[in-house]
Amino acid sequence: MLEKMAKYSNAEEWADIVPIPQDDGPGQPLAAIAYSDDYVEAMSYLRAVMANNEMSERALHLTEDIIRMNPAHYTVWLYRSRILFATSSSLPAEITWLNTIALKYQKNYQIWHHRHTIVDALNSCTGEQDFLSQMFELDMKNYHVWSYRQWLVKRFDLWEGKGELEAVESILERDVRNNSAWNHRWYLVFGRGESCFEDKERVRREVDYAKEAIHLAPQNQSPWNYIRGLIRQTKGPAALSLASFKQFASEFASLDDPDNVTSSHALDLLAEILAEREGDAADAAKALDLLAKKYDPIRENYWKYRKSLLVGQGGVKAAA
Amino acid sequence: MSAGRVEDVHPIVVEHKSHFNKPRHVKYWLRCLKTYLPQQYQSTDSNRTMLAFFTLAALDLLDSLKPNTTPEEREQYIDWVYLCQHPDGGFRGFPGSDLGEHRNEENKVWDPANVAGTYFAFCMLAILEDDFGRVNKKACLTWLRRVQRPDGSFGETVGEEGKVEGGMDPRFGYMAMGIRWFLRGRATGDVMGVPDVDADKLVECVRISQTYDGGISEAPFHEAHGGFTYCALAALSFAGHLPKPGENSSAGLSDVNHTIAWLVSRQTATLEEEDLLDTYGDETDTIATCHDAHSFVAMKGFRDTKNGKDSFDDRPTSNYHLQWVGFNGRCNKIADTCYSWWVGASLSLLDKVSLASPDPNRHYLLDKTQHIVGGFGKVAGNPPDLYHSFLGLAALSVMGLEKELKPIDATVCISTDACTHLAKLPWRVENLG
Ligand SMILES: [Zn+2]
């Protein structure tokens, strides 16, 4: 049945291997796929070399063939890395090959796990940041790439002075709404331990950075979330109070000028600040009404719920 | 006292009829069940049990599995699921890794049982009303303990020298807790002579993966993500560690209100990639960049830059309609069909679906991503795929938006009918009391 393609079964090099066909059972299989002949043949040979635990150059090439057709195959990657180490293959060459695969199959997890294994063994991250920039040219929010980048920072101590913060800032200069970049910034600044949240200088710098981004685009949620994260998590000498942001929020949302709100997120923050003090509950309700009816009607039900949680607004908890 | 003069400029409730094309969906899924899936699915061959699960679960939600299959056919489907059972416990993700009679101590590491394969196998057996009689339950529970890492997270498979392979993310934690629930319910201690996994440690993994903005990510400090948030919450649900009504925290979740705020923030009227591209290189707020703030950013935050002008030109100056509202998976991304499930089901687990705007989401799913041939695409105008086609149905069901669909269990992700079948199985009643 494989006469036509026969990349393996007609090859002298593979003559010693008896392929193992897929067993899909005697009855009606579920999720049967119209496989290509190439794939069926290559998989039969893969099972055969795996069964022999073969550690060879030809088996390495076979894994590449499979990966190009089915990059999500969860053991072919493990098999491949075992062969690489068993045959003392060139790891830099593997990274070069992996670059082309990663650029081609962007949404694949296994590729990044494999890269992690190889780079860890190489014990060097030379060229990695450059390659990640190349990946970001295709998709600035690729989750696998950002996750890998976090591992890289920790593994090779890139926290400070190694271009990471600069890279994040240059991405945010191009797209201030890139939440992945904001998240990476948080990791770089606070990911090294709880004491980072007590560092007054550090926290002040971050507040200023987020405020500046908000001035550029007040309706961008990322820096608002960043500031609210800071309010929640900073402590000791660096602790920030919610109330200390009232002035800033009012720059974009003032209850005295309800027709000229320029950020729904400012209004949300203002509502939260006002809700802290019982005496301000009526104003908090005003802010939440503005959100529900005018500035963020998509979440009308949510703003009404928030209003129901206000102390002293009649409907405390009953309305929810 | 309430707010001063607030103009109600955006009535969300618009007289609008969206049509759920049930016959087309049934046709789409019967084609998946009874004919070969196209070759593009070859790249997901290793997840065939997942594709099979989508197919059976979708037809079950449509109440169209039994009417369109014979008992003999369903028996064959059950046999195929058992074909994927692994000799050392658990199930494979696909038959393609099966070394059959060639399997031995040296090579068995290339042919492991898989957490996702096992979870989907159990879901399928419940949907097909099997009695789980052929499941090697004891071996499965023993294997499950081996897929848990010392830090509490679960991986996907057990590799060389017992190393746990696969990501650390909550997908595997969710499905592992699901496997545990299928076989053990909420029993603690030994069941069938096998000790429990360390559920408390997994719960701790979820707790430390909460992000500064209220969502949950795959691991500490990673970006909050709708899919991981669902998996984390559903894992807590399986483990019985979601906060109780009226409580704002639990062992697994530090601040429910913060998480709810993050979940409702996932609702967006930014529906197309084109909309999002406008933000690239453009720092200004315009209606093109901020559909969710359509009513006020148009003329105000706008700064007179070249990019700002480009994205402002040719854009309607009137308000965007809120007839169509989708969910995104991360902050500042566009809507995507599957997040209606991931986020909608998360809200359902917290009993807060009513805080979203479910009706505009129904319009989004049915008018924008439901496909003419049946199924759903990822975003407006995309062709259907199995993943989004199933999760589109699941989303409509979990938010109670479609009467023609069976209710779905928000934790297990199968119909409540299938859960009821499972609950009645004698071995389960006996073992779990
Ligand atoms: Zn999706």
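For B:Asp151 paired with B:Ala423, estimate the spin-label separation in nm (one decimal), with each label point 7 Å from Cα along the Cα-to-Cβ line.
Here the modelled spin labels are 3.7 nm apart.
Show me B:25-37, B:225-237 ranked by packing, highest mean number of other Cβ atoms within 10 Å first.
Ranking, from highest mean packing down: B:225-237, B:25-37.
Summarise the partner chain shielding of B:31-39 as one whole number: the mean count of Cβ atoms from other chains within 10 Å of each residue's Cβ.
3
About its Cα centre, what dipole magnitude does region A:1-89 give when the only charges are +1 on Lys and Arg Cβ and -1 on Asp and Glu Cβ, stated in debye to the nearest 20?
320 debye
When only Cα pairs under 8 Å and 6 or more residues apart are kept, what is the percent relative contact order across region A:1-89?
RCO, region A:1-89: 27 percent.
Testing the spin-label approximation: label points 7 Å from Cα along Cα→Cβ at B:Lys27 and A:Leu309. State their distance in nm.
About 4.7 nm separates the two model spin labels.
Relative to the Cα centre, what is the charge dipole magnitude of chain A, using +1 at the beta carbon of each Lys and Arg, -1 at the beta carbon of each Asp and Glu, and rounding to the nearest 20 debye?
960 debye
List the lysines whose alpha-carbon lies under 25 Å from that of A:Lys286, not counting same-chain residues fewer than 8 positions away?
Partners found: A:Lys211, A:Lys246, A:Lys294, A:Lys304, A:Lys307, A:Lys317, B:Lys300, B:Lys352.
I'd like to know which of B:Met168, B:Tyr212, B:Cys231 lies farthest towards the positive end of the charge dipole of region B:144-240, counting +1 on Cβ of Lys and Arg and -1 on Cβ of Asp and Glu.
In region B:144-240, that residue is B:Cys231.
What FRET efficiency, computed as 1/(1 + (r/R0)^6) with R0 = 51 Å and r the Cβ-Cβ distance, is obtained for A:Ser250 and A:Glu194, rounded to the nearest 0.05?
So the FRET efficiency works out to roughly 0.95.
For region B:105-194, what is one quarter of the convex hull surface built on the Cα atoms, given in nm²?
Approximately 6.5 nm², given one-decimal rounding.
Can you show me the helix-derived [θ] at 222 nm for chain A, built from DSSP H runs with n ≥ 4 at -39,500 (n - 2.57) apiece and divided by the number of residues, rounded to the nearest 500.
-17500 deg cm²/dmol
Kirkwood hydrodynamic radius, computed over distinct alpha-carbon pairs, for the protein assembly as shown: how many Å, to one decimal?
The answer is 27.4 Å.
Report, largest value first, the span of the C-alpha coordinates of chain A along each principal axis, in whole Å.
Dimensions of chain A along the principal axes of its Cα atoms: 86, 52, 30 Å.
Taking 10 °C and 1.306 mPa s as the conditions, I'd like the Stokes-Einstein D for region B:199-264 in µm²/s, using the Kirkwood hydrodynamic radius from alpha carbon pairs.
Rounded to a whole number, D works out at 139 µm²/s.
Give the Rg (one decimal place) followed by the Dmax (whole number) of region A:246-320, computed from C-alpha coordinates and expressed in Å.
When restricted to Cα atoms, region A:246-320 yields Rg and Dmax of 11.4, 34 Å.
Provide the packing ranking of B:195-203, B:101-109, A:187-195, i.e. peptides ordered by the mean count of other C-beta atoms within 10 Å per residue, highest first.
Those peptides, ordered most packed to least, come out B:195-203, A:187-195, B:101-109.
Place the peptides A:178-185, B:400-407, A:85-92, B:354-361 in order of packing, highest mean first, counting for every residue the other Cβ atoms within 10 Å and averaging per peptide.
Descending packing order for the listed peptides: A:178-185, B:354-361, B:400-407, A:85-92.
Treating only the Cβ atoms of Lys and Arg (+1) and Asp and Glu (-1) as charged, compute the dipole magnitude of the protein assembly as shown about its Cα centre; round to the nearest 20 debye.
With only Lys, Arg, Asp and Glu charged at Cβ, the dipole is about 1520 debye.
Along the charge dipole of region A:126-285, Cβ charges K/R +1 and D/E -1, which of A:Asn179, A:Gly279, A:Trp151 sits furthest on the positive end?
Farthest along the dipole direction, towards plus: A:Trp151.
Lysines within cross-link reach of A:Lys107: Cα-Cα under 30 Å, excluding same-chain residues under 8 positions apart?
Those lysines meeting the cut-off are A:Lys7, A:Lys141, A:Lys154, A:Lys162, B:Lys27, B:Lys34, B:Lys108, B:Lys163, B:Lys201, B:Lys333, B:Lys368, B:Lys378.
Each value in this text was obtained by applying a stated rule to the coordinates, not by laboratory testing. Remember, it's a predicted structure, so these values are computed and weren't measured experimentally. With ideal geometry, Cβ positions are generated from the backbone for all residues, glycine too; neighbour counts draw on all protein chains shown.
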